[in-house]
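Right, one structure below, let's go through it.
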Amino acid sequence: MNEKNSKPAATVITNQMVFSALPPRSPESHKGSYGRLLAVCGCSAYRGAAALCVLGALRAGAGIVSLAAPETVIAGVAARILEATFLPLPEDAAAARDLLTDAAHRATVCLGGCGREPDEATAREMRLLLRESAGTVVLDAGGLCSLAAEPDTLRAAAGRLIVTPHPGEMARLANCPIGQILQATADAAHGMAKRLGAVVVLKGHRTLIATPAGQLYENRTGNAGLARGGSGDVLAGMIAGFAAQGLAPVQAAVCGVYLHGLAADRCAARLSMQGMLPEDLLSDLCAVYLENGR
């Protein structure tokens, strides 16, 4: 992070901050106690992204995770993730819209964009989630890029929206060169948070989380082992999974970013930064929970 260009002081995320926001699970709870998460993710070219975000949401502790995707995507994911539910989307656009609308109304949290192409079909589905969902909406990757030409559309979910861009996606949203984002990451995150009324997770070596109210958090967990495809899908799923359990958008983002990085640090120590894979860190996430009484 470029300190000279960072006007507000960032609060460094700590373990105590995270686990004070993440309450222990009640012995009298049930799956409905931990939220219903709808993930509109994946396409034929990126089926793995759908699987990884669903796994991230489940390992974060969400009660019910449902993947809405074409049947070809669901077939691959369902074969290896037994705990999720599935909403196959028909090719007919009107029928798919009706199914998604009903699912969005019932969801506690909607996650959109992981492994989706940034095309008009994706844009239509993201607009639907923003418009029809009453809960938190998390948008990542293709979901964000599909709306890059109309970023103010994202204000439909102002106050309950989390966006998770890397610097390239942020540059597309802000319609500026990526170098401008990299030179002033805090300013970029703050500006977009205020513009969208959203919590902005600007990913990087030191991921920043900005809120519309002007808060800024800096994460110092994580390592270069995360520099491979799929890491962001796991993170988006984790953030959405924490939001599904009732955490406010900023709390869900703080917990997701910190724990994703902390699990990655443990994973690198176990498997090496060179060899670790995004899915591997989810086992280390469980170890972190155990150490902190969760």
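The values are calculated or read from the model by the stated rules, or taken from the named source; none is laboratory data. Keep in mind the model is a prediction, meaning the values are calculated, not measured. Heads up, the Cβs are rebuilt from the backbone with ideal geometry, glycines too, and the neighbour counts pull from every protein chain shown. SASA here: full protein model, heavy atoms, side chains in, ligands and nucleic acids out. Shrake-Rupley method; radii C 1.70, N 1.55, O 1.52, S 1.80 Å.
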Report task. Within the range 82-102, identify whether any single residue is touching a residue at least 60 places away in the same chain (Cβ under 8 Å), within 23 Å of ALA243 (Cα to Cα) and not polar (S, T, N, Q), and answer yes or no. Result -> yes
Requested in this report: Report those strands (runs of 3 or more DSSP E) wholly inside the range 153-226 carrying at least 3 residues which are buried (at least 17 other Cβ atoms within 10 Å of the Cβ) and not hydroxyl-bearing (Ser, Thr, Tyr).
Outcome: 161-163, 198-202, 208-210
Report summary line: Here the qualifying pairs (Cβ atoms under 7 Å; residues six or more apart or on different chains; first in the range 259-283 and within 18 Å of HIS205 (Cα to Cα) and assigned to a helix (DSSP H, G or I); second of a type in the set (S, T, N, Q) and at pLDDT 95 or above) come out as GLY261/ASN219; GLY261/THR221; LEU262/THR221; ALA264/ASN223; ASP265/THR221; ASP265/ASN223; ALA268/ASN223; PRO278/SER231
Query raised in the report: Among LEU67, LEU111, which is without any contact (Cβ under 8 Å) to a residue 60 or more places away in the chain, closer than 30 Å to ASN292 by Cβ and crowded, with 19+ Cβ neighbours inside 10 Å?
Result: LEU67
Query raised in the report: So GLY246 fits all but one of (1) open to solvent by 20 Å² or more (accessible area, probe 1.4 Å); (2) over 17 Å from THR136 (Cα atoms); what number is the exception?
Result: (2)
Query raised in the report: Considering the range 1-24 alone, what residues qualify as being modelled with pLDDT of 95 or more and either over 19 Å from THR221 (Cβ atoms) or outside any loop (DSSP other than H, G, I, E, B) (or both)?
Result: THR11, VAL12, ASN15, GLN16, MET17, VAL18, PHE19, SER20, ALA21
Requested in this report: Name the residue, out of ALA210, ALA227, that is hydrophobic (A, V, I, L, M, F, W, C) and farther than 21 Å from ARG116 by Cα.
Outcome: ALA210
Report task. Please identify the pairs in which a residue from the range 36-56 that is closer than 19 Å to GLY256 by Cα and part of a loop (DSSP other than H, G, I, E, B) has its Cβ atom under 7 Å from the Cβ atom of a residue that is open to solvent by 10 Å² or more (accessible area, probe 1.4 Å) and charged (D, E, K, R), counting only partners at least 6 apart or on another chain. Result -> CYS41/ARG116
Query raised in the report: Which one of these is open to solvent by 20 Å² or more (accessible area, probe 1.4 Å), within 16 Å of VAL288 (Cα to Cα) and not aromatic (Phe, Trp, Tyr): ARG25, ARG47?
Result: ARG25
Query raised in the report: So how many residues does the range 187-208 have that are touching a residue at least 24 places away in the same chain (Cβ under 8 Å) and closer than 17 Å to ALA158 by Cβ?
Result: 10
Query raised in the report: Would you call LEU144 hydrophobic (A, V, I, L, M, F, W, C), open to solvent by less than 20 Å² (accessible area, probe 1.4 Å), in a helix (DSSP H, G or I) and within 24 Å of LEU259 (Cβ to Cβ)?
Result: yes
**Report entry** Qualifying position, being assigned to a helix (DSSP H, G or I), surrounded by fewer than 20 Cβ atoms within 10 Å (Cβ to Cβ) and over 19 Å from the mean Cα position of the chain (by Cα), among ARG80, ARG97
**Finding:** ARG97
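Can you name every residue in the range 114-125 that is in contact (Cβ under 8 Å) with a residue 40 or more places away in the chain and either closer than 16 Å to GLY256 by Cβ or touching a Ser or Thr at 6+ places or on another chain (Cβ under 9 Å) (or both)?
If the condition is that a residue be in contact (Cβ under 8 Å) with a residue 40 or more places away in the chain and either closer than 16 Å to GLY256 by Cβ or touching a Ser or Thr at 6+ places or on another chain (Cβ under 9 Å) (or both), then CYS114, ARG116, GLU117, GLU125 are the ones that fit.
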Report task. Determine which single condition ALA50 fails, assuming it passes every other condition in (1) more than 24 Å from LEU208 (Cα to Cα); (2) more than 16 Å from the chain's Cα centre (by Cα); (3) modelled with pLDDT of 95 or more. Result -> (2)
Report summary line: Of the residues in the range 227-254, those that are of a type in the set (Gly, Ala, Ser) and part of a loop (DSSP other than H, G, I, E, B) come to ALA227, GLY229, GLY230, GLY246, ALA248
**Report entry** Residue satisfying all of: in the range 114-135; open to solvent by 30 Å² or more (accessible area, probe 1.4 Å) and more than 17 Å from ALA49 (Cβ to Cβ); farthest from the chain's Cα centre (by Cα) among these
**Finding:** GLU120
Query raised in the report: Which of (1) in a loop (DSSP other than H, G, I, E, B); (2) at pLDDT 95 or above is the odd one out, the single condition GLU91 does not satisfy?
Result: (2)
